[in-house]
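The values are calculated or read from the model by the stated rules, or taken from the named source; none is laboratory data. Please read these numbers as outputs of a predicted model, since none were measured by experiment. Using ideal geometry, Cβ is built from the backbone for each residue, glycine included, and neighbour counts are taken over all protein chains shown. Surface accessibility is based on the protein's heavy atoms, side chains included, excluding ligands, DNA and RNA. Shrake-Rupley method; radii C 1.70, N 1.55, O 1.52, S 1.80 Å.
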Amino acid sequence: MNTPWDALHRAYFNGEAMWTYLTTPFLLAMDGVHIEETEPWREGSETWRVLRAHFPGPIETHSLVQDFFFGEDLLLRRHDYSVNVAGGFGAAQRTFDYVTADGIRLPSKRRAYARGPDRRPISELLMVSIDISELQFD
(Lines give C-alpha, C1' and ligand atoms only; values in the text may rest on other atoms or scores of the structure.)
Protein backbone atom coordinates (compact mmCIF):
# COMPACT_ATOMS: atom_id res chain seq x y z
CA MET A 1 0.00 0.00 0.00
CA ASN A 2 1.23 3.44 -0.86
CA THR A 3 0.17 6.40 1.25
CA PRO A 4 1.23 10.05 1.01
CA TRP A 5 2.37 9.91 4.63
CA ASP A 6 5.43 11.70 5.88
CA ALA A 7 7.35 10.83 9.07
CA LEU A 8 4.84 12.68 11.27
CA HIS A 9 1.88 10.75 9.79
CA ARG A 10 3.69 7.44 10.38
CA ALA A 11 4.56 8.44 13.95
CA TYR A 12 0.92 9.34 14.67
CA PHE A 13 -0.38 6.06 13.26
CA ASN A 14 2.28 3.98 15.02
CA GLY A 15 1.55 5.73 18.31
CA GLU A 16 -2.22 5.25 18.24
CA ALA A 17 -1.84 1.69 16.97
CA MET A 18 0.65 0.60 19.64
CA TRP A 19 -1.40 2.33 22.35
CA THR A 20 -4.44 0.30 21.23
CA TYR A 21 -2.46 -2.95 21.09
CA LEU A 22 -0.72 -2.55 24.45
CA THR A 23 -3.84 -1.46 26.33
CA THR A 24 -6.16 -4.20 25.02
CA PRO A 25 -8.28 -5.52 26.72
CA PHE A 26 -8.19 -2.74 29.34
CA LEU A 27 -9.24 -0.08 26.83
CA LEU A 28 -12.54 -1.93 26.40
CA ALA A 29 -13.47 -0.84 29.95
CA MET A 30 -12.82 2.87 29.32
CA ASP A 31 -15.59 5.42 29.83
CA GLY A 32 -17.72 5.79 26.72
CA VAL A 33 -16.72 2.47 25.12
CA HIS A 34 -19.80 0.36 24.38
CA ILE A 35 -19.28 -3.41 24.13
CA GLU A 36 -21.58 -6.05 22.70
CA GLU A 37 -20.99 -9.74 22.12
CA THR A 38 -21.59 -10.85 18.53
CA GLU A 39 -21.81 -14.27 16.90
CA PRO A 40 -18.98 -16.66 17.83
CA TRP A 41 -16.27 -17.15 15.19
CA ARG A 42 -15.02 -20.56 14.05
CA GLU A 43 -11.28 -20.71 13.34
CA GLY A 44 -9.98 -24.19 12.58
CA SER A 45 -10.99 -26.41 15.49
CA GLU A 46 -11.55 -23.45 17.84
CA THR A 47 -14.56 -21.29 18.52
CA TRP A 48 -13.77 -17.73 19.56
CA ARG A 49 -16.01 -15.28 21.37
CA VAL A 50 -16.25 -11.93 19.62
CA LEU A 51 -16.66 -8.59 21.37
CA ARG A 52 -17.58 -5.62 19.22
CA ALA A 53 -16.37 -2.32 20.65
CA HIS A 54 -17.92 1.02 19.74
CA PHE A 55 -15.41 3.75 20.59
CA PRO A 56 -16.33 7.36 21.27
CA GLY A 57 -14.75 9.94 18.96
CA PRO A 58 -12.22 11.30 21.49
CA ILE A 59 -10.42 7.93 21.75
CA GLU A 60 -7.70 7.80 19.09
CA THR A 61 -7.76 4.32 17.60
CA HIS A 62 -8.08 2.67 14.17
CA SER A 63 -11.84 3.02 13.78
CA LEU A 64 -14.96 3.67 15.83
CA VAL A 65 -16.12 0.02 15.58
CA GLN A 66 -13.70 -2.87 16.12
CA ASP A 67 -14.03 -6.61 16.79
CA PHE A 68 -11.92 -8.50 19.33
CA PHE A 69 -11.78 -12.31 19.12
CA PHE A 70 -10.99 -14.26 22.31
CA GLY A 71 -10.14 -17.94 22.70
CA GLU A 72 -11.45 -20.26 25.41
CA ASP A 73 -8.48 -19.20 27.57
CA LEU A 74 -9.73 -15.57 27.24
CA LEU A 75 -6.60 -14.48 25.37
CA LEU A 76 -6.98 -12.23 22.33
CA ARG A 77 -6.57 -14.21 19.10
CA ARG A 78 -7.54 -11.63 16.52
CA HIS A 79 -8.44 -7.96 16.23
CA ASP A 80 -10.46 -6.63 13.27
CA TYR A 81 -10.86 -2.98 12.34
CA SER A 82 -11.00 -0.54 9.46
CA VAL A 83 -7.82 1.42 8.86
CA ASN A 84 -9.48 4.80 8.57
CA VAL A 85 -6.23 6.77 8.21
CA ALA A 86 -5.39 4.75 5.08
CA GLY A 87 -8.66 4.77 3.17
CA GLY A 88 -10.74 2.60 5.51
CA PHE A 89 -9.75 -0.85 4.24
CA GLY A 90 -10.66 -3.80 6.46
CA ALA A 91 -7.85 -5.39 8.47
CA ALA A 92 -7.69 -8.65 10.41
CA GLN A 93 -4.82 -8.77 12.88
CA ARG A 94 -3.75 -12.13 14.28
CA THR A 95 -2.14 -12.13 17.73
CA PHE A 96 0.02 -14.94 19.12
CA ASP A 97 3.13 -16.01 21.07
CA TYR A 98 2.01 -14.66 24.42
CA VAL A 99 4.52 -13.43 27.00
CA THR A 100 4.01 -12.33 30.60
CA ALA A 101 5.23 -8.89 31.63
CA ASP A 102 4.79 -7.96 35.28
CA GLY A 103 1.87 -10.40 35.57
CA ILE A 104 0.09 -9.23 32.41
CA ARG A 105 -0.11 -11.57 29.42
CA LEU A 106 0.37 -9.92 26.04
CA PRO A 107 0.85 -11.21 22.50
CA SER A 108 4.44 -10.71 21.42
CA LYS A 109 3.60 -11.13 17.73
CA ARG A 110 0.97 -9.44 15.59
CA ARG A 111 0.31 -9.85 11.89
CA ALA A 112 -2.22 -7.57 10.23
CA TYR A 113 -3.65 -8.64 6.89
CA ALA A 114 -6.15 -7.08 4.57
CA ARG A 115 -9.53 -8.64 5.33
CA GLY A 116 -11.58 -10.29 2.61
CA PRO A 117 -15.34 -10.06 2.07
CA ASP A 118 -15.72 -13.34 4.01
CA ARG A 119 -14.14 -11.57 7.03
CA ARG A 120 -11.06 -13.81 6.80
CA PRO A 121 -7.50 -12.48 6.59
CA ILE A 122 -6.01 -12.54 3.09
CA SER A 123 -2.68 -14.24 3.85
CA GLU A 124 -1.05 -12.88 0.68
CA LEU A 125 -1.74 -9.30 1.81
CA LEU A 126 0.34 -8.86 4.97
CA MET A 127 0.13 -5.17 5.87
CA VAL A 128 1.91 -4.99 9.23
CA SER A 129 4.22 -7.32 11.14
CA ILE A 130 5.02 -6.51 14.77
CA ASP A 131 7.33 -8.48 17.07
CA ILE A 132 7.73 -7.26 20.63
CA SER A 133 10.55 -8.38 22.91
CA GLU A 134 11.91 -7.47 26.34
CA LEU A 135 8.53 -6.13 27.43
CA GLN A 136 8.09 -4.71 30.93
CA PHE A 137 5.89 -2.16 32.66
CA ASP A 138 7.42 0.54 34.87
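Observations on the structure shown:
- Qualifying GluC sites (Glu not before Pro) in region 57-138, DSSP loop, other Cβ atoms within 10 Å at most 11: 72, 134
- Largest accessible area first, the listed residues 79, 54 line up as 54, 79 when surface is computed with a 1.4 Å probe on the assembled protein chains.
- In loop segments of region 84-138 as defined by DSSP, the chymotrypsin sites (Phe, Trp or Tyr not before Pro) with at most 11 further C-beta atoms inside 10 Å of their C-beta are 137.
- The chain: translational diffusion in µm²/s, Stokes-Einstein, Kirkwood Rh over Cα pairs, 4 °C, 1.567 mPa s: 82
- Counted over all Cα-Cα pairs of region 50-126, pairs farther apart than 14 Å make up 65 percent.
- Hull volume per residue, based on the alpha-carbon atoms of region 30-82 and their convex hull, is 79 Å³.
- P(r) tail fraction, region 10-58 - alpha-carbon pairs more than 12 Å apart, %: 71
- Solvent-accessible area per residue, Å², over region 1-106 with all protein chains present [probe radius 1.4 Å]: 56
- Computed 3J(HN,Hα) for region 44-60, one whole-Hz value per residue from the Karplus formula 6.51 cos²θ - 1.76 cosθ + 1.60 where θ = phi - 60°, is x, 8, 9, 10, 9, 7, 10, 10, 9, 9, 10, 8, x, x, x, 7, 7, glycine and proline marked x.
- Rounded to the nearest 500, the helix-only mean residue ellipticity at 222 nm of the chain stands at -4000 deg cm²/dmol, with each DSSP H run of n ≥ 4 adding -39,500 (n - 2.57).
- Each Cα pair under 8 Å and six or more residues apart adds its sequence gap; the mean of these over the residue count of region 1-100 is a relative contact order of 17 percent.
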